[in-house]
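What follows is a short report on a single structure.
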Amino acid sequence: MKLPAAGGLHAINADLHCHSTVSDGWLEPEALVLRALANGVQLLALTDHDEVGGIDAAAEVARAHGLAFVAGVEISVSFAGETIHIVGLGIDHRHPVLVKGLEQVRSGRDARAQLMSEALEKVGIRGALAGARRFARNPALVSRAHFARHLVASGVMPDVRTVFDHYLVRGKPGFVEHEWAALDDAVGWIRAAGGIAVVAHPARYRLSADNLSRLFDRFVAAGGEAVEVVSGAHTDDEMRRFATVARQRGLLASRASDFHGERESPVDLGRCNPLPPDLEPVWSRLLPAAASH
Ligand code: AMP
Ligand code: MN
Ligand code: MN
Ligand code: MN
């Protein structure tokens, strides 16, 4: 591991949330690791949606290049009628409790994708499932992002963000309600696998202030320990808001690009802002695991 001797933990360029082709990222796990290295990342976690199938390949390339790496996952959760994402870091990605839980979460995606396709057909968009599948390298993991890419490629909308705004968010014609994992279960699977649970991009949820507070209450009660303060999906104001939440609740702070690909992601691997200096970086708890890889 090549980590800076001076500057302490905060000086480490950690990026603890990104996606490969195993979920809805554009790069293969190997290429993702190489891009992280080229961008100066010093500690990386791969966190595909509901899937750990890219971890071994990513870990191997990271090891070959001396990059500190921890296994991760981003679990889809339903809470108060909204979809929440819980990242697990430093997991044993072969732990049977986690593996079984993730299988269960993934198993609903096929039926949901079929319903999304039927819903889009009703507004005149035909063959969306077949189109989305062409963008999904992992057939078990068709995400709304793959539908969005297909709708852009077929000229329905100019870019992915516009597709989401017009078709794929609640209240729009291609949106289908879906029951993901329970919050307590997701945190429990991560902990069973020896990992640290992190609330991903907390500013992105359409929850009332009360429900957001309940989310953190339940998350902490279930054994969750960290929050993404710095996220590629956060503005500076949102970062400051969740820095306050981390302080008030005594949570560890994570730093995460949530990189999917250069065409779609506002922040590239390793290019996030630094954490506020008074917060304890979640990687204070991950470096020993990374060193043993
Ligand atoms: P799913 O897990 O199938 O519901 O898909 C969620 C994924 O869609 C997220 O992880 C993002 O990659 C993408 N996504 C969600 N909302 C948006 C948005 N407003 N703009 C662009 N991509 C989005
Ligand atoms: Mn995604
Ligand atoms: Mn997410
Ligand atoms: Mn993500």
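The values are calculated or read from the model by the stated rules, or taken from the named source; none is laboratory data. The model shown is predicted, which means the values in this text are computed figures rather than measured ones. Please note: Cβ atoms are built from the backbone with ideal geometry, for glycine as well, and neighbour counts cover all protein chains shown. Accessible surface areas use protein heavy atoms only, side chains included; no ligands, DNA or RNA. Shrake-Rupley method; radii C 1.70, N 1.55, O 1.52, S 1.80 Å.
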>> Yes or no: the stretch 192-208 includes at least one residue that is part of a strand (DSSP E or B) and away from ligand 3 (no atom under 16 Å from the Cβ).
In response: yes
>> Out of everything in the stretch 246-262 that is over 21 Å from Glu74 (Cα atoms) and touching a residue at least 12 places away in the same chain (Cβ under 8 Å), what residue ends up being most open to solvent (accessible area, probe 1.4 Å)?
In response: Arg247
> If you go through the stretch 118-133 one residue at a time, do you hit one that is free of Cβ contacts under 8 Å to residues at least 24 places away in the same chain, within 11 Å of ligand 1 (Cβ to nearest atom) and not assigned by TED's automatic domain parsing to the domain that holds Val52?
Replying inline: yes
>> Against the conditions (1) in contact with a Phe, Trp or Tyr (Cβ under 9 Å, 6 or more places away or on another chain); (2) open to solvent by less than 50 Å² (accessible area, probe 1.4 Å); (3) of a type outside the set (A, V, I, L, M, F, W, C); (4) outside any helix (DSSP H, G or I), where does His178 fall short? Just the number, please.
In response: (1)
>> Restricting to the stretch 105-119, give me the number of residues that are polar (S, T, N, Q) and either surrounded by 13 or more Cβ atoms within 10 Å (Cβ to Cβ) or more than 20 Å from the chain's Cα centre (by Cα) (or both).
In response: 2
>> Of everything in the stretch 141-181, what is within 26 Å of Ile86 (Cα to Cα) and of a type in the set (A, V, I, L, M)? Give them in sequence order.
In response: Leu141, Val142, Ala145, Ala148, Val160, Val163, Leu168, Val169, Val176, Ala181
> Scanning the stretch 35-47 for residues that are in contact with an Asp or Glu (Cβ under 7 Å, 6 or more places away or on another chain) and in a loop (DSSP other than H, G, I, E, B), which turns out most open to solvent (accessible area, probe 1.4 Å)?
Replying inline: Asn39
> Which of the residues spanning the stretch 59-78 are surrounded by fewer than 22 Cβ atoms within 10 Å (Cβ to Cβ), touching a residue at least 40 places away in the same chain (Cβ under 8 Å) and out of contact with any Ser or Thr (no Cβ under 8 Å at 6 or more places or on another chain)?
Replying inline: Ala59, Arg63, Gly66, Ser78
> His234: assigned to a loop (DSSP other than H, G, I, E, B) and under 17 Å from the mean Cα position of the chain (by Cα), yes or no?
Replying inline: yes
>> Name the residue that is farthest from ligand 4 (Cβ to nearest atom), counting only residues in the stretch 11-28 that are more than 11 Å from Arg137 (Cβ to Cβ) and surrounded by 24 or more Cβ atoms within 10 Å (Cβ to Cβ).
In response: Ala14
>> Please go through (1) open to solvent by less than 30 Å² (accessible area, probe 1.4 Å); (2) more than 17 Å from Val70 (Cα to Cα); (3) within 16 Å of ligand 3 (Cβ to nearest atom) for Glu238 and return the number of the only condition it doesn't satisfy.
In response: (1)
> Which residue, of Val176, Val229, is at negative phi and either in contact with a Ser or Thr (Cβ under 7 Å, 6 or more places away or on another chain) or in the same structural domain as Thr21 (by TED's automatic domain parsing) (or both)?
Replying inline: Val229
